[in-house]
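Asks: Take this structure first; my questions come after.
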Amino acid sequence: MRRLLTALSALALGSCGSPPEEDLPRAAIDTGWPTIPDDAVFGQVSAVEADSHGHIFVLHRAGREWEEPFPAEPIAEPTVFMFSPSGVLLGQWGAGEFVMPHGLSVDAGDNVWITDVAREQVIQFDHEGNQRMVLGERGVSGQDDSHFGRPADIAFIGNRVLVADGYVNTRVAEFDRSGAFLREFGNFRLAHGIAVDEDRVYVADRENERIQVFDHAGKLLDSRDTPTGGRPYGVATLGGGWLVTVEGRDRADNFGAIVRVYTPEGQLERSLDVALDGRNASLGHDIAIGRDGMAYVTDVYGDRVVRFELSPEQEPE
């Protein structure tokens, strides 16, 4: 189905014309990272995050593609891989657990939180993949204190859990660590990614082609349009107000993977292309910064996660 949609998109663009592609420098991707065992089922990589030990958690769909209506049965193969900083696969879990896994975040205690848009739930696991808590009613959509509308991503402020909710709903839903609903805030067309730093909450409002910026109390501080009308899929913070995003589509629905770095004032500092060669070969979906300072980007259409440096000589001071 995805290949058919891509082909139709390309046909439409060819008939009506498309805006010129940006001429961007390409990131120097570490082509040897990670090492995927030959017997592993790997594909549609949707999320990436680093833990306090420098491990890199990668969420993927193990051969399942996004097709609606979603199937009822869970993915049989492991969907969570944990890699060492050097790219060695250290562990895998999640077999028989997820139907359409989407977002993954790691909290300060190294618990792993995962959203499943088909299950309509947010699930907390310990570091080894043992389930600890579930938010939401399985398979039931809603916008209240106990239901989600395809939850997309998770972030944390101290003991508070923020859920970008998501494809159907138009909010950030906030909970305490026991799972008690606290409040909701924001108004989005599609809250796809969320990240926090010392003072702010950043939400990738994907279909509105912007990043919305809030304080920790949920007050809107800024609404930043993307520089060329691209759709931001994932966001990560660099500290001190610096922000890095990955865009998966531009305004004409061309698919790709563009990483952008923004100053604390919201000015574009630089951009990098991390897509595979060929139109619509990649869909940048999530981004994380490891403890080693390396950037990690998931590519849904490319069935891969890539690692690269964010130009050390240009890093913010």
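The values are calculated or read from the model by the stated rules, or taken from the named source; none is laboratory data. Quick caveat, the model's predicted, so the values are computed rather than measured. No Cβ is skipped: glycine too gets one built from the backbone with ideal geometry, and neighbour counts run over all protein chains shown.
Asks: If you check Ala257 against the conditions, is it closer than 26 Å to Asp51 by Cα, aliphatic (A, V, I, L, M) and in contact (Cβ under 8 Å) with a residue 24 or more places away in the chain?
Replies: Answer is yes for this residue.
Asks: Being buried (at least 21 other Cβ atoms within 10 Å of the Cβ) and under 13 Å from the mean Cα position of the chain (by Cα) is the filter here; which residues of the range 249-294 pass it?
Replies: Of everything in the range 249-294, those that are buried (at least 21 other Cβ atoms within 10 Å of the Cβ) and under 13 Å from the mean Cα position of the chain (by Cα) turn out to be Ala257, Val259, Leu283, Gly284, His285, Asp286, Ile287, Ala288.
Asks: I would also like to ask the following. Filter the range 33-73 down to the residues that are closer than 17 Å to Gly96 by Cα and acidic (Asp, Glu), then identify the one that is surrounded by the most Cβ atoms within 10 Å (Cβ to Cβ).
Replies: Here the answer is Glu65.
Asks: Continuing with this model, one more query. Could you go through the range 119-134 and let me know if any residue there is free of Cβ contacts under 8 Å to residues at least 60 places away in the same chain, closer than 15 Å to Ala288 by Cα and of a type in the set (Gly, Ala, Ser). Steps first, please.
Replies: The initial filter retains those residues of the range 119-134 that are free of Cβ contacts under 8 Å to residues at least 60 places away in the same chain, namely 119-126, 128-134.
From what is left, the residues that are closer than 15 Å to Ala288 by Cα are none.
Among the residues of the range 119-134, not one is free of Cβ contacts under 8 Å to residues at least 60 places away in the same chain, closer than 15 Å to Ala288 by Cα and of a type in the set (Gly, Ala, Ser), which makes the answer no.
Asks: Let me ask something additional. I'd like to know if the range 130-138 contains one or more residues that are under 16 Å from Phe57 (Cα atoms), assigned to a loop (DSSP other than H, G, I, E, B) and of a type outside the set (Gly, Ala, Ser).
Replies: For the range 130-138, residues under 16 Å from Phe57 (Cα atoms), assigned to a loop (DSSP other than H, G, I, E, B) and of a type outside the set (Gly, Ala, Ser): present.
Asks: Kindly check whether there is at least one residue in the range 14-27 that is modelled with pLDDT of 95 or more and under 17 Å from Asp303 (Cβ atoms).
Replies: Within the range 14-27, not a single residue is modelled with pLDDT of 95 or more and under 17 Å from Asp303 (Cβ atoms).
Asks: Moving to a separate point now. Give the residue that is nearest to Arg251 (Cα to Cα), with candidates limited to residues of the range 19-71 that are among the β-branched types (Val, Ile, Thr) and in contact (Cβ under 8 Å) with a residue 40 or more places away in the chain. Give the steps one after another, and end with the answer.
Replies: Taking the range 19-71 and keeping what is among the β-branched types (Val, Ile, Thr), we get 29, 31, 35-36, 41, 45, 48, 56, 58.
Keeping just the survivors that are in contact (Cβ under 8 Å) with a residue 40 or more places away in the chain gives 29, 35-36, 45, 48, 56, 58.
Numbers: Ile29: 26, Thr35: 34, Ile36: 34, Val45: 23, Val48: 25, Ile56: 31, Val58: 28 Å.
Checking each candidate, the answer is Val45.
Asks: Given the conditions (1) surrounded by fewer than 19 Cβ atoms within 10 Å (Cβ to Cβ); (2) touching a Leu at 6+ places or on another chain (Cβ under 9 Å); (3) at positive phi, and given that Gly94 satisfies all but one, which numbered condition is not satisfied?
Replies: (1)
Asks: Looking at (1) assigned to a loop (DSSP other than H, G, I, E, B); (2) free of Cβ contacts under 8 Å to residues at least 40 places away in the same chain; (3) under 15 Å from Ile211 (Cα atoms), which one does Ala281 not meet, given that it meets all the others?
Replies: Exception for Ala281: condition (3).
Asks: Here is a follow-up. Residues Ala76, Ala47: which one is in contact with a Leu (Cβ under 6 Å, 6 or more places away or on another chain) and more than 12 Å from Gly290 (Cα to Cα)?
Replies: Working: Ala76 fails: in contact with a Leu (Cβ under 6 Å, 6 or more places away or on another chain).
Unique residue meeting the criteria: Ala47.
Asks: Can you name every one of the strands (runs of 3 or more DSSP E) wholly within the range 164-242 that holds 1 or more residues which are closer than 16 Å to Ala288 by Cα and within 13 Å of the chain's Cα centre (by Cα)?
Replies: By residue number, 191-196, 200-205, 231-239.
Asks: Among the numbered criteria (1) assigned to a loop (DSSP other than H, G, I, E, B); (2) modelled with pLDDT under 50, which one does Leu4 miss?
Replies: Evaluating Leu4 over (1) assigned to a loop (DSSP other than H, G, I, E, B); (2) modelled with pLDDT under 50 leaves (1) as the failure.
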